[in-house]
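A short write-up of the structure that comes next.
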Amino acid sequence: MRQTGILPDTEIAALFESGALAVSRALDHDQIQPASLDLRLGDRAWRVRASFLPGPNSLVADKLDRLKLHEIDLANGAVLETGCVYIVPLLESLNLPAGISASANPKSSTGRLDIFTRVMTDRGQEFDKIAPGYGGPLYLEVSPRTFPIVVRTGSRLSQIRFRTGNALLTEDELAVLHRAETLVATDPPNISGGGIALSIDLSGEAGSLIGYRGKHHTGLVDVDRRAAHEVLDYWEPLYAHGAPELVLDPDEFYILVSQEAVHVPPLYAAEMTPFDPLVGEFRVHYAGFFDPGFGHSSAGGTGSRAVLEVRSHEVPFILEHGQIVGRLVYEHMLKRPKALYGVDLGSNYQAQGLKLSKHFRPT
Ligand SMILES: Nc1ccn([C@H]2C[C@H](O)[C@@H](COP(=O)(O)OP(=O)(O)OP(=O)(O)O)O2)c(=O)n1
């Protein structure tokens with residue numbers, strides 16, 4: 001077995017057995033994913049004045065005492081409003097061995113709803129990063145940006161990956177792996193900046209669907225209900241016409257799709273990182289974890305594209321077809337997961353093209 005890499009499902013289960021991962025309510029049967037664990041909301045949320053980080057000398061609970069405005073009971077479900085910031089203790093807590101660190105990311109379904117989430121730890125100085133050997137509670141900051149949402153105790157908005165050491169593939173290793181396994185359906189792939197570039201797809205015959213823009217002042221989205229919401233009540237479809245480009249209006253939210261089909265072989269996990277944080281005009285993808293098996297043919301995934309959550313800031317910005325918007329970095333798994341993303345798990349986004357979150361009725 002490798003000594004460094006991302007812990008697969010079987011090793012996450014072992015963390016639970018050894019007490020490195022504790023839960024205040026029994027794990028859900030499908031909570032452990034091929035390379036991550038879904039995190040669940042606890043029984044209360046606090047609306048706070050503003051987002052914060054605890055910093056090296058504070059516990060989250062102490063800062064919460066100072067900043068909280070209102071306590072909300074999540075046991076029977078509650079509405080979280082757009083534009084507000086909430087802090088929610090999670091049902092999972094950690095007591096990691098010294099050699100294991102972790103990182104968190106919104107689930108893809110959460111990103112597709114434009115719900116901003118970040119995990120916080122006691123004495124944490126960064127969001128979504130959990131230091132090796134961390135022992136203590138986990139909290140989630142939640143801020144719905146476009147739709148008001150209904151959540152309850154047990155709702156799963158975020159996920160955590162555990163790793164030992166550093167097992168990132170170098171550009172040379174990516175090139176070799178691409179030759180053996182075809183990581184993206186573009187030849188040759190653009191391997192740069194430590195990853196494989198992903199670009200935006202705005203092509204299509206006049207009248208074909210190229211994306212969606214979130215509507216304002218919509219009804220609620222219940223994050224635990226699948227295929228329960230009408231697309232047109234929440235989204236304005238965008239169709240190709242004229243030049244293959246799209247003007248992003250400031251502060252609007254868009255769902256678009258990558259031009260490249262993406263493949264994550266079973267012994268690897270991938271993460272989408274921003275193309276260039278210095279291109280400040282727009283932000284792509286809040287959700288960045290790609291599971292082992294995503295786009296893998298034997299897991300039913302041939303042709304899977306990446307869904308891109310895009311938001312423009314400050315000024316209107318023209319996105320053009322083929323523009324690079326992100327990079328996929330690949331890491332070794334410590335070993336092959338027992339179940340792969342896709343057919344093994346009844347996953348929602350295998351073999352997807354342009355796809356809204358699972359909450360909307362398929363059109
Ligand atoms: N910006 C992103 C992030 C992820 N994915 C893909 C790759 C992931 O392997 C897959 C599922 O991601 P999550 O596990 O985060 O999503 P959910 O848990 O919401 O979906 P599922 O129930 O299918 O696991 O979605 C994507 O297309 N675009």
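The values are calculated or read from the model by the stated rules, or taken from the named source; none is laboratory data. Please read these numbers as outputs of a predicted model, since none were measured by experiment. Ideal geometry is used to build each Cβ from the backbone, glycine not excepted, and the neighbour counts take in all protein chains shown. Quick note on the areas: whole protein, heavy atoms, side chains included, nothing else; ligands and nucleic acids left out. Shrake-Rupley method; radii C 1.70, N 1.55, O 1.52, S 1.80 Å.
This table checks each residue for (1) surrounded by fewer than 19 Cβ atoms within 10 Å (Cβ to Cβ); (2) closer than 30 Å to residue 335 by Cα.
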residue: 25; (1), (2): yes, yes
residue: 37; (1), (2): no, yes
residue: 42; (1), (2): no, no
residue: 45; (1), (2): no, no
residue: 52; (1), (2): yes, no
residue: 61; (1), (2): yes, no
Name the residue, out of 91, 138, 113, that is within 28 Å of residue 334 (Cα to Cα) and open to solvent by less than 10 Å² (accessible area, probe 1.4 Å).
138
Condition (residue is buried (at least 19 other Cβ atoms within 10 Å of the Cβ), within 12 Å of the ligand (Cβ to nearest atom) and either touching a residue at least 24 places away in the same chain (Cβ under 8 Å) or in a loop (DSSP other than H, G, I, E, B) (or both)) applied to the range 273-281: is it met by at least one residue?
no
Say whether the condition of being at pLDDT below 95, within 13 Å of the ligand (Cβ to nearest atom), in a strand (DSSP E or B) and open to solvent by 20 Å² or more (accessible area, probe 1.4 Å) is met by at least one residue in the range 329-347.
no
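Within the range 176-187, which residues are over 13 Å from residue 263 (Cα atoms) and either of a type in the set (Gly, Ala, Ser) or at pLDDT 90 or above (or both)? Don't jump to the end; show me each part of the working.
Of the residues in the range 176-187, the ones over 13 Å from residue 263 (Cα atoms) are 176, 187.
If the condition is that a residue be over 13 Å from residue 263 (Cα atoms) and either of a type in the set (Gly, Ala, Ser) or at pLDDT 90 or above (or both), then 176 is the only one that fits.
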Restricting the range 284-322 to residues that are farther than 22 Å from residue 273 by Cβ and within 14 Å of the ligand (Cβ to nearest atom), which is least open to solvent (accessible area, probe 1.4 Å)?
299
Run residue 116 past the list (1) of a type in the set (A, V, I, L, M, F, W, C); (2) touching a Ser or Thr at 6+ places or on another chain (Cβ under 7 Å); (3) at pLDDT 95 or above and report the number of the one that doesn't hold.
(3)
Starting from the range 23-49, keep only residues that are over 16 Å from residue 75 (Cα atoms), then list their pairs with residues that are among the small types (Gly, Ala, Ser) and surrounded by fewer than 20 Cβ atoms within 10 Å (Cβ to Cβ) whose Cβ atoms are within a distance under 9 Å, requiring at least 6 positions of separation or different chains.
23/93; 27/13; 28/154; 30/346; 32/13
Taking the range 1-47 as the search range and keeping residues that are more than 16 Å from the ligand (Cβ to nearest atom) and among the β-branched types (Val, Ile, Thr), which one is nearest to residue 268 (Cα to Cα)?
4
Might you let me know whether the range 317-335 holds any residue that is over 17 Å from the mean Cα position of the chain (by Cα) and free of Cβ contacts under 8 Å to residues at least 60 places away in the same chain?
no
Residues (among the small types (Gly, Ala, Ser) and either closer than 30 Å to residue 150 by Cα or open to solvent by less than 30 Å² (accessible area, probe 1.4 Å) (or both)) located in the range 193-227:
194, 195, 197, 199, 211, 214, 219, 227
